[in-house]
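A short write-up of the structure that comes next.
The values are calculated or read from the model by the stated rules, or taken from the named source; none is laboratory data. Worth saying up front: this structure is predicted, and the values here are computed from it rather than measured. Positions of Cβ are generated from backbone atoms using ideal geometry, with glycine treated the same way; all protein chains shown enter the neighbour counts.
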Amino acid sequence: MGIVLRDGKIVTDTVCYQADIRIQGEIIAAVGSQVAQAGDTVLSAEGCYIFPGGIDAHTHFDLPVGAMSTADDFASGTKAAILGGTTTIIDYATQFKGETLKQGLENWHQRAGGKCYADYGFHMAITDWNDNVSREIPWLSREAGVSSVKLYMAYKNVMQVDDSALFQVLERSRECSILTCVHCENGDIVDNLIRKFRQQGKTTPAYHPLSRPPRVEQEAVNRLMVLSETADAPVLVVHLSCREALETVAKAKDRGVQVFAETCPQYLVLDDSMYQDTSFSCAKYVISPPLRGKENQEYLWNGLKAGILDTVATDHCSFNFHGQKEVGRGDFSKIPNGAPGVEHRLGLLYTYGVKAGKISLTQFVDKVATQPAKLFGIFPKKGTIAPGSDADLVIWDEQRQSTIGAATHAHKVDYSPYEGMKQQGQAIHVFLRGQHVVKNGKVCTDNPKGQYLFRKPFQNPKEKTK
Ligand code: URP
Ligand code: ZN
Ligand code: ZN
Ligand code: ZN
(Lines give C-alpha, C1' and ligand atoms only; values in the text may rest on other atoms or scores of the structure.)
(Ligands and ions follow the chains in the order given, each with its own letter.)
Protein backbone atom coordinates (compact mmCIF):
# COMPACT_ATOMS: atom_id res chain seq x y z
CA MET A 1 0.00 0.00 0.00
CA GLY A 2 1.24 3.41 -0.88
CA ILE A 3 0.43 7.08 -0.52
CA VAL A 4 -0.81 9.13 -3.46
CA LEU A 5 -0.43 12.91 -3.54
CA ARG A 6 -3.14 13.92 -5.97
CA ASP A 7 -3.32 16.87 -8.37
CA GLY A 8 -0.38 18.88 -7.06
CA LYS A 9 1.66 21.22 -9.24
CA ILE A 10 5.00 19.43 -9.27
CA VAL A 11 8.03 21.68 -9.51
CA THR A 12 11.55 20.49 -10.36
CA ASP A 13 14.61 22.49 -11.41
CA THR A 14 13.39 22.45 -15.01
CA VAL A 15 9.59 22.06 -15.17
CA CYS A 16 6.29 22.71 -13.41
CA TYR A 17 3.36 20.42 -14.26
CA GLN A 18 0.27 18.92 -12.71
CA ALA A 19 0.42 15.22 -11.85
CA ASP A 20 -0.04 12.66 -9.11
CA ILE A 21 2.82 11.17 -7.14
CA ARG A 22 2.71 7.64 -5.75
CA ILE A 23 4.94 6.94 -2.77
CA GLN A 24 5.77 3.35 -1.92
CA GLY A 25 7.78 2.79 1.21
CA GLU A 26 10.59 5.36 1.23
CA ILE A 27 10.65 5.95 -2.51
CA ILE A 28 8.73 7.78 -5.23
CA ALA A 29 7.26 4.87 -7.18
CA ALA A 30 5.48 6.77 -9.94
CA VAL A 31 4.68 10.26 -11.19
CA GLY A 32 1.83 10.73 -13.66
CA SER A 33 -1.90 10.21 -13.92
CA GLN A 34 -3.82 7.22 -12.59
CA VAL A 35 -0.91 6.04 -10.49
CA ALA A 36 -3.06 5.00 -7.50
CA GLN A 37 -3.39 1.33 -6.60
CA ALA A 38 -6.00 -0.45 -4.51
CA GLY A 39 -5.55 0.30 -0.82
CA ASP A 40 -3.48 3.47 -1.31
CA THR A 41 -4.05 6.45 0.96
CA VAL A 42 -4.85 9.54 -1.07
CA LEU A 43 -3.95 13.08 -0.02
CA SER A 44 -5.20 15.94 -2.14
CA ALA A 45 -2.56 18.48 -3.10
CA GLU A 46 -4.92 20.41 -5.35
CA GLY A 47 -3.96 24.04 -5.71
CA CYS A 48 -0.60 23.43 -4.02
CA TYR A 49 2.91 23.13 -5.32
CA ILE A 50 4.95 20.02 -4.62
CA PHE A 51 8.68 20.66 -4.24
CA PRO A 52 11.46 18.14 -3.67
CA GLY A 53 12.46 18.30 0.00
CA GLY A 54 14.79 21.24 0.61
CA ILE A 55 18.50 20.66 1.21
CA ASP A 56 20.24 23.13 3.51
CA ALA A 57 23.92 22.44 2.92
CA HIS A 58 25.20 24.89 5.52
CA THR A 59 24.22 24.46 9.16
CA HIS A 60 26.02 24.57 12.48
CA PHE A 61 24.03 22.61 15.05
CA ASP A 62 25.44 21.84 18.48
CA LEU A 63 28.65 23.68 17.58
CA PRO A 64 30.93 24.44 20.52
CA VAL A 65 32.27 28.00 20.40
CA GLY A 66 34.61 28.77 23.26
CA ALA A 67 32.83 27.90 26.49
CA MET A 68 29.36 27.83 24.91
CA SER A 69 27.47 25.83 22.33
CA THR A 70 24.97 26.96 19.71
CA ALA A 71 21.42 27.26 20.99
CA ASP A 72 20.07 24.73 18.51
CA ASP A 73 21.22 21.16 18.65
CA PHE A 74 20.48 18.53 16.02
CA ALA A 75 17.03 17.79 17.46
CA SER A 76 15.68 21.35 17.58
CA GLY A 77 17.54 22.36 14.43
CA THR A 78 16.25 19.55 12.26
CA LYS A 79 12.72 19.88 13.69
CA ALA A 80 12.74 23.50 12.60
CA ALA A 81 14.17 22.40 9.24
CA ILE A 82 11.37 19.95 8.38
CA LEU A 83 8.75 22.44 9.50
CA GLY A 84 10.09 24.81 6.88
CA GLY A 85 10.29 22.18 4.12
CA THR A 86 13.96 21.22 4.47
CA THR A 87 14.33 17.44 4.69
CA THR A 88 18.13 17.24 4.40
CA ILE A 89 20.82 19.23 6.16
CA ILE A 90 24.57 19.08 5.74
CA ASP A 91 26.30 20.26 8.88
CA TYR A 92 29.90 21.36 9.37
CA ALA A 93 31.61 18.68 11.44
CA THR A 94 34.72 20.36 12.79
CA GLN A 95 38.22 19.09 13.43
CA PHE A 96 39.48 21.21 16.31
CA LYS A 97 43.17 21.82 16.99
CA GLY A 98 45.04 18.65 17.88
CA GLU A 99 42.30 16.32 16.62
CA THR A 100 42.38 13.92 13.70
CA LEU A 101 39.62 14.17 11.09
CA LYS A 102 38.36 10.83 12.33
CA GLN A 103 37.99 12.19 15.86
CA GLY A 104 36.27 15.33 14.62
CA LEU A 105 33.82 13.35 12.53
CA GLU A 106 33.16 10.83 15.28
CA ASN A 107 32.26 13.72 17.63
CA TRP A 108 29.70 14.97 15.12
CA HIS A 109 28.19 11.52 14.65
CA GLN A 110 27.70 11.41 18.41
CA ARG A 111 26.11 14.83 18.47
CA ALA A 112 23.68 14.05 15.64
CA GLY A 113 23.05 10.30 15.91
CA GLY A 114 19.46 9.43 16.90
CA LYS A 115 18.46 13.10 17.19
CA CYS A 116 17.72 14.18 13.62
CA TYR A 117 14.26 14.75 12.17
CA ALA A 118 15.81 15.37 8.74
CA ASP A 119 18.35 13.27 6.86
CA TYR A 120 21.85 14.59 7.46
CA GLY A 121 25.33 14.58 6.07
CA PHE A 122 28.56 16.23 7.16
CA HIS A 123 31.20 18.42 5.60
CA MET A 124 34.54 18.28 7.38
CA ALA A 125 35.89 21.64 8.55
CA ILE A 126 39.67 21.38 8.83
CA THR A 127 41.31 23.79 11.27
CA ASP A 128 44.58 21.95 11.93
CA TRP A 129 46.24 20.87 8.70
CA ASN A 130 49.32 18.63 8.85
CA ASP A 131 50.79 15.55 7.16
CA ASN A 132 48.77 13.11 9.24
CA VAL A 133 45.56 14.89 8.38
CA SER A 134 46.57 14.90 4.73
CA ARG A 135 46.80 11.10 4.88
CA GLU A 136 43.22 10.94 6.18
CA ILE A 137 41.71 12.70 3.15
CA PRO A 138 41.17 9.56 1.02
CA TRP A 139 39.45 7.89 3.99
CA LEU A 140 37.09 10.84 4.27
CA SER A 141 35.50 10.43 0.87
CA ARG A 142 35.86 6.67 0.45
CA GLU A 143 34.96 5.36 3.87
CA ALA A 144 33.25 8.17 5.75
CA GLY A 145 30.92 9.42 3.01
CA VAL A 146 32.18 12.99 3.33
CA SER A 147 32.88 14.49 -0.09
CA SER A 148 33.40 18.11 0.94
CA VAL A 149 35.73 19.89 3.33
CA LYS A 150 35.67 23.45 4.63
CA LEU A 151 38.45 25.87 5.29
CA TYR A 152 38.27 29.25 6.97
CA MET A 153 40.29 32.19 5.66
CA ALA A 154 39.08 34.14 8.72
CA TYR A 155 38.81 33.70 12.53
CA LYS A 156 42.50 34.21 13.21
CA ASN A 157 44.08 31.97 15.85
CA VAL A 158 40.94 29.82 15.97
CA MET A 159 39.88 28.38 12.62
CA GLN A 160 41.93 30.33 10.07
CA VAL A 161 44.33 28.43 7.82
CA ASP A 162 47.08 29.98 5.71
CA ASP A 163 47.46 29.86 1.93
CA SER A 164 49.90 27.01 2.12
CA ALA A 165 47.37 24.81 3.93
CA LEU A 166 44.65 25.95 1.54
CA PHE A 167 46.72 25.03 -1.48
CA GLN A 168 47.66 21.62 -0.08
CA VAL A 169 44.06 20.83 0.83
CA LEU A 170 42.98 21.81 -2.67
CA GLU A 171 45.52 19.51 -4.28
CA ARG A 172 44.64 16.64 -2.00
CA SER A 173 40.91 17.18 -2.42
CA ARG A 174 41.20 17.21 -6.20
CA GLU A 175 42.98 13.84 -6.06
CA CYS A 176 40.18 12.42 -3.91
CA SER A 177 37.16 14.02 -5.66
CA ILE A 178 36.33 16.27 -2.74
CA LEU A 179 34.82 19.75 -3.04
CA THR A 180 36.54 22.40 -0.90
CA CYS A 181 34.14 24.93 0.65
CA VAL A 182 35.74 28.13 1.88
CA HIS A 183 34.80 30.94 4.24
CA CYS A 184 36.23 33.91 2.36
CA GLU A 185 37.29 36.87 4.49
CA ASN A 186 40.86 38.06 4.95
CA GLY A 187 41.22 37.18 8.64
CA ASP A 188 44.46 39.12 9.10
CA ILE A 189 42.91 42.40 7.99
CA VAL A 190 39.84 41.70 10.12
CA ASP A 191 42.08 40.98 13.11
CA ASN A 192 43.92 44.28 12.66
CA LEU A 193 40.74 46.30 12.27
CA ILE A 194 39.26 44.72 15.39
CA ARG A 195 42.39 45.61 17.39
CA LYS A 196 42.37 49.16 16.03
CA PHE A 197 38.72 49.69 16.99
CA ARG A 198 39.31 48.22 20.42
CA GLN A 199 42.24 50.58 21.03
CA GLN A 200 40.02 53.48 20.02
CA GLY A 201 37.37 52.34 22.50
CA LYS A 202 34.97 51.47 19.67
CA THR A 203 33.52 48.34 21.19
CA THR A 204 29.80 48.30 20.31
CA PRO A 205 28.42 45.73 17.85
CA ALA A 206 28.00 48.49 15.23
CA TYR A 207 31.77 48.14 14.68
CA HIS A 208 31.46 44.50 13.72
CA PRO A 209 30.56 45.23 10.04
CA LEU A 210 33.20 47.97 9.89
CA SER A 211 35.84 45.42 10.87
CA ARG A 212 34.84 43.19 7.93
CA PRO A 213 34.12 45.44 4.92
CA PRO A 214 33.25 43.99 1.48
CA ARG A 215 36.79 44.29 0.12
CA VAL A 216 37.99 41.94 2.84
CA GLU A 217 35.63 39.34 1.42
CA GLN A 218 36.51 40.24 -2.15
CA GLU A 219 40.24 39.86 -1.50
CA ALA A 220 39.77 36.42 -0.01
CA VAL A 221 37.52 35.28 -2.87
CA ASN A 222 40.06 36.54 -5.38
CA ARG A 223 42.91 34.74 -3.60
CA LEU A 224 40.84 31.56 -3.51
CA MET A 225 40.24 31.83 -7.26
CA VAL A 226 43.99 31.99 -7.85
CA LEU A 227 44.59 29.04 -5.52
CA SER A 228 41.84 27.00 -7.17
CA GLU A 229 43.13 27.80 -10.65
CA THR A 230 46.68 26.89 -9.73
CA ALA A 231 45.70 23.64 -8.03
CA ASP A 232 43.09 22.92 -10.73
CA ALA A 233 40.68 22.03 -7.94
CA PRO A 234 36.96 22.78 -7.49
CA VAL A 235 35.93 25.22 -4.76
CA LEU A 236 32.68 26.53 -3.32
CA VAL A 237 32.51 30.02 -1.81
CA VAL A 238 30.15 29.77 1.14
CA HIS A 239 27.87 32.58 2.36
CA LEU A 240 28.77 35.05 -0.39
CA SER A 241 27.36 38.39 0.72
CA CYS A 242 28.28 41.28 -1.56
CA ARG A 243 28.58 42.63 -5.08
CA GLU A 244 32.40 42.72 -5.02
CA ALA A 245 32.68 39.03 -4.17
CA LEU A 246 29.98 38.13 -6.69
CA GLU A 247 31.75 39.94 -9.50
CA THR A 248 35.02 38.22 -8.62
CA VAL A 249 33.30 34.83 -8.82
CA ALA A 250 31.59 35.77 -12.10
CA LYS A 251 34.90 36.67 -13.71
CA ALA A 252 36.50 33.47 -12.48
CA LYS A 253 33.60 31.37 -13.80
CA ASP A 254 34.02 33.10 -17.15
CA ARG A 255 37.63 32.05 -17.40
CA GLY A 256 36.84 28.47 -16.49
CA VAL A 257 37.75 28.32 -12.80
CA GLN A 258 35.81 25.46 -11.17
CA VAL A 259 34.06 27.71 -8.69
CA PHE A 260 30.60 27.40 -7.18
CA ALA A 261 28.98 29.88 -4.85
CA GLU A 262 26.35 29.88 -2.13
CA THR A 263 24.48 32.82 -0.69
CA CYS A 264 22.08 32.96 2.26
CA PRO A 265 18.61 34.44 2.87
CA GLN A 266 20.04 36.97 5.34
CA TYR A 267 22.09 38.63 2.60
CA LEU A 268 19.11 38.63 0.22
CA VAL A 269 16.51 40.14 2.52
CA LEU A 270 18.30 41.95 5.36
CA ASP A 271 20.78 44.82 5.16
CA ASP A 272 23.27 46.79 7.21
CA SER A 273 20.64 49.28 8.44
CA MET A 274 20.24 46.71 11.24
CA TYR A 275 23.53 48.00 12.68
CA GLN A 276 22.31 51.59 12.92
CA ASP A 277 20.85 50.82 16.32
CA THR A 278 23.61 52.02 18.63
CA SER A 279 22.36 49.83 21.48
CA PHE A 280 23.69 46.34 22.07
CA SER A 281 20.63 44.77 20.40
CA CYS A 282 22.30 44.75 16.99
CA ALA A 283 24.48 41.94 18.39
CA LYS A 284 21.65 39.80 17.01
CA TYR A 285 23.05 40.57 13.56
CA VAL A 286 26.67 39.85 14.37
CA ILE A 287 27.28 37.30 11.66
CA SER A 288 30.25 36.85 9.35
CA PRO A 289 30.32 38.12 6.68
CA PRO A 290 28.14 40.91 8.08
CA LEU A 291 24.93 42.24 6.52
CA ARG A 292 25.72 44.54 3.61
CA GLY A 293 24.32 47.74 2.09
CA LYS A 294 20.87 47.23 0.58
CA GLU A 295 22.22 47.92 -2.93
CA ASN A 296 23.97 44.53 -2.82
CA GLN A 297 20.70 42.61 -2.74
CA GLU A 298 19.79 43.29 -6.37
CA TYR A 299 23.19 41.96 -7.42
CA LEU A 300 22.72 38.80 -5.40
CA TRP A 301 19.22 38.15 -6.80
CA ASN A 302 20.56 38.69 -10.31
CA GLY A 303 23.50 36.43 -9.49
CA LEU A 304 21.06 33.66 -8.53
CA LYS A 305 19.10 34.19 -11.72
CA ALA A 306 22.21 34.18 -13.88
CA GLY A 307 23.63 31.05 -12.25
CA ILE A 308 26.66 32.80 -10.75
CA LEU A 309 25.25 31.83 -7.37
CA ASP A 310 24.50 28.11 -7.37
CA THR A 311 22.81 27.48 -4.04
CA VAL A 312 21.04 29.12 -1.12
CA ALA A 313 21.82 27.77 2.36
CA THR A 314 21.22 29.35 5.75
CA ASP A 315 24.49 29.14 7.69
CA HIS A 316 22.16 28.53 10.64
CA CYS A 317 24.32 29.13 13.71
CA SER A 318 22.12 30.26 16.57
CA PHE A 319 23.08 31.90 19.85
CA ASN A 320 20.61 33.29 22.36
CA PHE A 321 20.71 37.05 22.70
CA HIS A 322 20.39 36.77 26.46
CA GLY A 323 23.32 34.99 28.00
CA GLN A 324 25.17 34.16 24.78
CA LYS A 325 25.40 37.17 22.43
CA GLU A 326 25.58 39.20 25.64
CA VAL A 327 29.06 37.96 26.51
CA GLY A 328 30.23 40.52 23.96
CA ARG A 329 28.89 43.54 25.86
CA GLY A 330 31.90 45.82 26.03
CA ASP A 331 33.76 44.04 23.21
CA PHE A 332 31.97 43.26 19.92
CA SER A 333 34.70 40.81 18.92
CA LYS A 334 33.59 38.51 21.75
CA ILE A 335 30.00 38.24 20.46
CA PRO A 336 29.55 34.70 19.11
CA ASN A 337 29.03 34.95 15.35
CA GLY A 338 25.93 33.57 13.73
CA ALA A 339 22.15 33.69 13.51
CA PRO A 340 19.23 31.27 13.13
CA GLY A 341 17.35 30.65 9.88
CA VAL A 342 17.01 26.96 8.94
CA GLU A 343 13.21 27.06 9.33
CA HIS A 344 12.65 30.02 7.01
CA ARG A 345 14.88 29.44 4.00
CA LEU A 346 12.13 28.25 1.66
CA GLY A 347 9.58 30.74 2.94
CA LEU A 348 11.90 33.73 2.55
CA LEU A 349 13.19 32.71 -0.85
CA TYR A 350 9.68 31.96 -2.08
CA THR A 351 8.23 35.22 -0.74
CA TYR A 352 11.01 37.66 -1.56
CA GLY A 353 12.35 35.78 -4.59
CA VAL A 354 9.59 33.95 -6.47
CA LYS A 355 6.60 36.12 -5.48
CA ALA A 356 8.62 39.29 -6.00
CA GLY A 357 9.50 38.16 -9.53
CA LYS A 358 13.26 37.98 -8.88
CA ILE A 359 13.67 34.27 -9.58
CA SER A 360 11.39 31.68 -11.20
CA LEU A 361 9.80 28.71 -9.44
CA THR A 362 12.15 26.27 -11.16
CA GLN A 363 15.16 28.40 -10.18
CA PHE A 364 13.87 28.39 -6.62
CA VAL A 365 13.81 24.58 -6.58
CA ASP A 366 17.22 24.47 -8.22
CA LYS A 367 18.84 26.68 -5.55
CA VAL A 368 17.19 25.13 -2.49
CA ALA A 369 17.28 21.46 -3.51
CA THR A 370 18.64 20.32 -6.88
CA GLN A 371 21.99 22.11 -7.02
CA PRO A 372 22.94 21.29 -3.43
CA ALA A 373 22.06 17.64 -4.11
CA LYS A 374 24.28 17.60 -7.20
CA LEU A 375 27.20 19.47 -5.67
CA PHE A 376 27.23 17.41 -2.51
CA GLY A 377 26.86 13.95 -4.01
CA ILE A 378 23.29 13.01 -3.10
CA PHE A 379 21.55 13.44 -6.48
CA PRO A 380 19.18 11.91 -7.69
CA LYS A 381 18.43 10.23 -4.36
CA LYS A 382 17.66 13.75 -3.13
CA GLY A 383 16.91 17.03 -4.88
CA THR A 384 14.33 15.97 -7.46
CA ILE A 385 10.89 14.44 -7.95
CA ALA A 386 11.30 11.34 -10.08
CA PRO A 387 10.59 7.60 -9.81
CA GLY A 388 13.32 5.97 -7.76
CA SER A 389 14.22 9.10 -5.77
CA ASP A 390 13.62 9.32 -2.03
CA ALA A 391 10.08 10.43 -1.28
CA ASP A 392 11.21 13.70 0.33
CA LEU A 393 8.34 15.94 -0.66
CA VAL A 394 6.94 19.29 0.37
CA ILE A 395 3.32 20.23 -0.28
CA TRP A 396 3.47 24.00 -0.43
CA ASP A 397 0.28 26.00 0.06
CA GLU A 398 0.95 29.33 -1.54
CA GLN A 399 -2.20 30.87 -0.03
CA ARG A 400 -0.97 30.63 3.54
CA GLN A 401 0.52 33.73 5.08
CA SER A 402 2.53 34.00 8.26
CA THR A 403 4.72 36.38 10.19
CA ILE A 404 8.12 35.28 11.44
CA GLY A 405 8.85 35.80 15.11
CA ALA A 406 10.68 34.35 18.09
CA ALA A 407 7.37 33.70 19.86
CA THR A 408 6.29 31.22 17.21
CA HIS A 409 9.40 29.87 15.51
CA ALA A 410 10.65 26.36 16.16
CA HIS A 411 14.28 27.41 16.58
CA LYS A 412 15.37 27.01 20.19
CA VAL A 413 16.71 30.55 20.34
CA ASP A 414 15.32 33.70 21.94
CA TYR A 415 15.19 35.98 18.90
CA SER A 416 14.68 35.95 15.15
CA PRO A 417 16.69 38.14 12.79
CA TYR A 418 13.54 38.18 10.64
CA GLU A 419 11.18 39.30 13.44
CA GLY A 420 7.94 40.71 11.97
CA MET A 421 8.71 39.77 8.37
CA LYS A 422 5.83 38.33 6.36
CA GLN A 423 5.97 35.03 4.54
CA GLN A 424 3.73 33.97 1.71
CA GLY A 425 3.32 30.23 1.35
CA GLN A 426 3.94 27.43 3.81
CA ALA A 427 4.97 23.80 3.89
CA ILE A 428 1.68 22.26 4.98
CA HIS A 429 2.70 18.64 4.48
CA VAL A 430 6.23 17.27 4.43
CA PHE A 431 7.34 13.71 3.75
CA LEU A 432 10.78 12.38 4.64
CA ARG A 433 11.51 9.14 2.77
CA GLY A 434 7.76 8.50 2.61
CA GLN A 435 7.08 9.26 6.26
CA HIS A 436 4.57 12.02 6.91
CA VAL A 437 6.59 14.26 9.25
CA VAL A 438 4.72 17.57 8.93
CA LYS A 439 0.91 17.46 8.81
CA ASN A 440 -1.20 20.60 8.39
CA GLY A 441 1.81 22.77 9.16
CA LYS A 442 2.78 20.95 12.37
CA VAL A 443 5.53 18.45 13.09
CA CYS A 444 3.63 15.20 13.61
CA THR A 445 6.37 12.91 14.89
CA ASP A 446 8.37 12.60 18.08
CA ASN A 447 10.56 10.02 16.50
CA PRO A 448 13.74 11.41 14.96
CA LYS A 449 14.10 9.12 11.97
CA GLY A 450 16.70 11.13 10.03
CA GLN A 451 19.44 8.98 8.52
CA TYR A 452 23.10 9.71 7.91
CA LEU A 453 23.83 10.29 4.23
CA PHE A 454 26.94 8.61 2.90
CA ARG A 455 27.64 11.02 0.02
CA LYS A 456 29.16 10.17 -3.37
CA PRO A 457 32.50 11.68 -4.48
CA PHE A 458 32.32 15.16 -5.95
CA GLN A 459 31.41 15.36 -9.62
CA ASN A 460 31.17 18.71 -11.37
CA PRO A 461 27.44 19.02 -12.26
CA LYS A 462 28.40 20.89 -15.41
CA GLU A 463 30.45 17.97 -16.73
CA LYS A 464 28.76 14.90 -18.17
CA THR A 465 28.91 11.75 -16.07
CA LYS A 466 32.03 9.87 -17.07
O1 URP B 1 28.64 34.19 11.51
C2 URP B 1 28.69 33.05 11.09
N3 URP B 1 28.55 32.84 9.82
N4 URP B 1 28.90 32.03 11.92
C5 URP B 1 28.95 30.70 11.57
C6 URP B 1 30.31 30.20 11.22
C7 URP B 1 30.67 30.54 9.82
O8 URP B 1 31.49 31.42 9.61
O9 URP B 1 30.15 29.94 8.88
ZN1 ZN C 1 31.76 30.77 7.50
ZN1 ZN D 1 28.87 28.70 8.52
ZN1 ZN E 1 20.06 39.50 29.06
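Looking only at residues of the range 32-67 that are over 22 Å from the mean Cα position of the chain (by Cα) and not in a loop (DSSP other than H, G, I, E, B), we find that the one that is surrounded by the most Cβ atoms within 10 Å (Cβ to Cβ) is Tyr49.
In the range 92-134, what residues are of a type in the set (A, V, I, L, M, F, W, C) and more than 14 Å from Tyr452 (Cα to Cα)? Scanning the range 92-134 gives Phe96, Leu101, Met124, Ala125, Ile126, Trp129, Val133.
Quick grid of which residues meet (1) of a type in the set (Gly, Ala, Ser); (2) closer than 20 Å to Phe74 by Cα; (3) in contact (Cβ under 8 Å) with a residue 40 or more places away in the chain:
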residue: Gly328; (1), (2), (3): yes, no, yes
residue: Gly338; (1), (2), (3): yes, yes, yes
residue: Asp366; (1), (2), (3): no, no, yes
residue: Asp397; (1), (2), (3): no, no, yes
residue: Gly420; (1), (2), (3): yes, no, no
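Identify the residue in the range 160-175 that is in contact (Cβ under 8 Å) with a residue 60 or more places away in the chain and among the aliphatic types (A, V, I, L, M) and, among all such residues, is surrounded by the fewest Cβ atoms within 10 Å (Cβ to Cβ). Applying the filter and picking the extreme gives Leu166.
Contact map, the range 92-116: residues that are in contact (Cβ under 8 Å) with a residue 40 or more places away in the chain paired with residues that are within 16 Å of ligand 2 (Cβ to nearest atom) and acidic (Asp, Glu), Cβ distance under 9 Å, separation 6+ or inter-chain. Pairs shown: Arg111/Asp91; Ala112/Asp91. Of the listed requirements (1) surrounded by 21 or more Cβ atoms within 10 Å (Cβ to Cβ); (2) closer than 21 Å to Val146 by Cβ; (3) under 16 Å from the mean Cα position of the chain (by Cα), Ala112 misses just one: (3). Cβ-Cβ contacts under 7 Å between residues 6 or more apart (or on different chains), taken from a first residue in the range 228-241 that is under 20 Å from Gly303 (Cβ atoms) and in a loop (DSSP other than H, G, I, E, B) to a second residue that is aromatic (Phe, Trp, Tyr) and more than 16 Å from ligand 4 (Cβ to nearest atom), are listed as Pro234/Phe458; Ser241/Tyr267.
Can we say Leu346 is in contact (Cβ under 8 Å) with a residue 60 or more places away in the chain, part of a helix (DSSP H, G or I) and of a type outside the set (S, T, N, Q)?
Considered against the rule, which asks whether it is in contact (Cβ under 8 Å) with a residue 60 or more places away in the chain, part of a helix (DSSP H, G or I) and of a type outside the set (S, T, N, Q), Leu346 comes out as yes.
In the range 36-46, is there at least one residue being among the charged types (D, E, K, R) and under 30 Å from Gly145 (Cα atoms)? Among the residues of the range 36-46, not one is among the charged types (D, E, K, R) and under 30 Å from Gly145 (Cα atoms), which makes the answer no.
All of Pro265, Pro214 fail the test of being out of contact with any strand residue (DSSP E or B) (no Cβ under 6 Å at 6 or more places or on another chain), modelled with pLDDT of 95 or more and buried (at least 21 other Cβ atoms within 10 Å of the Cβ), apart from Pro265. With the condition kept exactly as written, say whether any residue in the range 120-138 is touching a Gly at 6+ places or on another chain (Cβ under 6 Å) and crowded, with 17+ Cβ neighbours inside 10 Å. Checking the range 120-138: at least one residue is touching a Gly at 6+ places or on another chain (Cβ under 6 Å) and crowded, with 17+ Cβ neighbours inside 10 Å.
Which residue out of Phe332, Phe321, Phe280 is surrounded by fewer than 21 Cβ atoms within 10 Å (Cβ to Cβ) and within 16 Å of ligand 1 (Cβ to nearest atom)?
Result of the check over Phe332, Phe321, Phe280: Phe321.
Taking first residues from the range 176-191 that are at positive phi and partners that are part of a helix (DSSP H, G or I) and polar (S, T, N, Q), the Cβ contacts under 9 Å between residues at least 6 apart in sequence or on separate chains come to Ser177/Ser141.
Okay, residues lined up against (1) part of a helix (DSSP H, G or I); (2) closer than 25 Å to Asn222 by Cβ; (3) within 16 Å of ligand 2 (Cβ to nearest atom):
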{"site": "His109", "(1), (2), (3)": "yes, no, no"}
{"site": "Asp128", "(1), (2), (3)": "no, no, no"}
{"site": "Ser134", "(1), (2), (3)": "yes, no, no"}
{"site": "Ser141", "(1), (2), (3)": "yes, no, no"}
{"site": "Leu166", "(1), (2), (3)": "yes, yes, yes"}
{"site": "Thr180", "(1), (2), (3)": "no, yes, yes"}
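Taking the criterion of being closer than 21 Å to Ala57 by Cβ, in a helix (DSSP H, G or I) and small (Gly, Ala, Ser), the residues of the range 265-319 that qualify are Gly303, Ala306. Pairs linking a residue in the range 310-322 that is in contact (Cβ under 8 Å) with a residue 60 or more places away in the chain and among the aliphatic types (A, V, I, L, M) to a residue that is within 15 Å of ligand 2 (Cβ to nearest atom) and part of a loop (DSSP other than H, G, I, E, B), with Cβ atoms under 7 Å and 6 or more positions apart or on different chains, are Ala313/Cys264.
In the range 236-259, which residues are under 21 Å from His316 (Cα atoms) and either in contact with a Phe, Trp or Tyr (Cβ under 7 Å, 6 or more places away or on another chain) or more than 16 Å from ligand 1 (Cβ to nearest atom) (or both)? Leu236, Ser241 - these are the residues of the range 236-259 that are under 21 Å from His316 (Cα atoms) and either in contact with a Phe, Trp or Tyr (Cβ under 7 Å, 6 or more places away or on another chain) or more than 16 Å from ligand 1 (Cβ to nearest atom) (or both).
When Asn296, Asn222 are checked against the criterion of being away from ligand 1 (no atom under 16 Å from the Cβ) and closer than 27 Å to Thr70 by Cβ, Asn296 stands alone in meeting it.
Looking across the range 301-348, the residues that are within 16 Å of ligand 2 (Cβ to nearest atom), closer than 17 Å to Ile404 by Cβ and touching a helix residue (DSSP H, G or I) at 6+ places or on another chain (Cβ under 7 Å) come down to Val312, Thr314, His316, Ala339, Gly341, Val342. Checked against the criteria, Thr362 does not count as buried (at least 22 other Cβ atoms within 10 Å of the Cβ), more than 16 Å from ligand 3 (Cβ to nearest atom) and not in a loop (DSSP other than H, G, I, E, B).
For the criterion of being within 16 Å of ligand 3 (Cβ to nearest atom), of a type in the set (A, V, I, L, M, F, W, C) and at pLDDT 95 or above, Ile126 passes.
Of the residues Val182, Val216, Val235, Val249, which single one is touching a helix residue (DSSP H, G or I) at 6+ places or on another chain (Cβ under 7 Å) and farther than 20 Å from Gln160 by Cα? Step through it out loud before you land on a result.
On the way: Val182 fails: farther than 20 Å from Gln160 by Cα; Val216 fails: farther than 20 Å from Gln160 by Cα; Val235 fails: farther than 20 Å from Gln160 by Cα.
Answer to the check: Val249.
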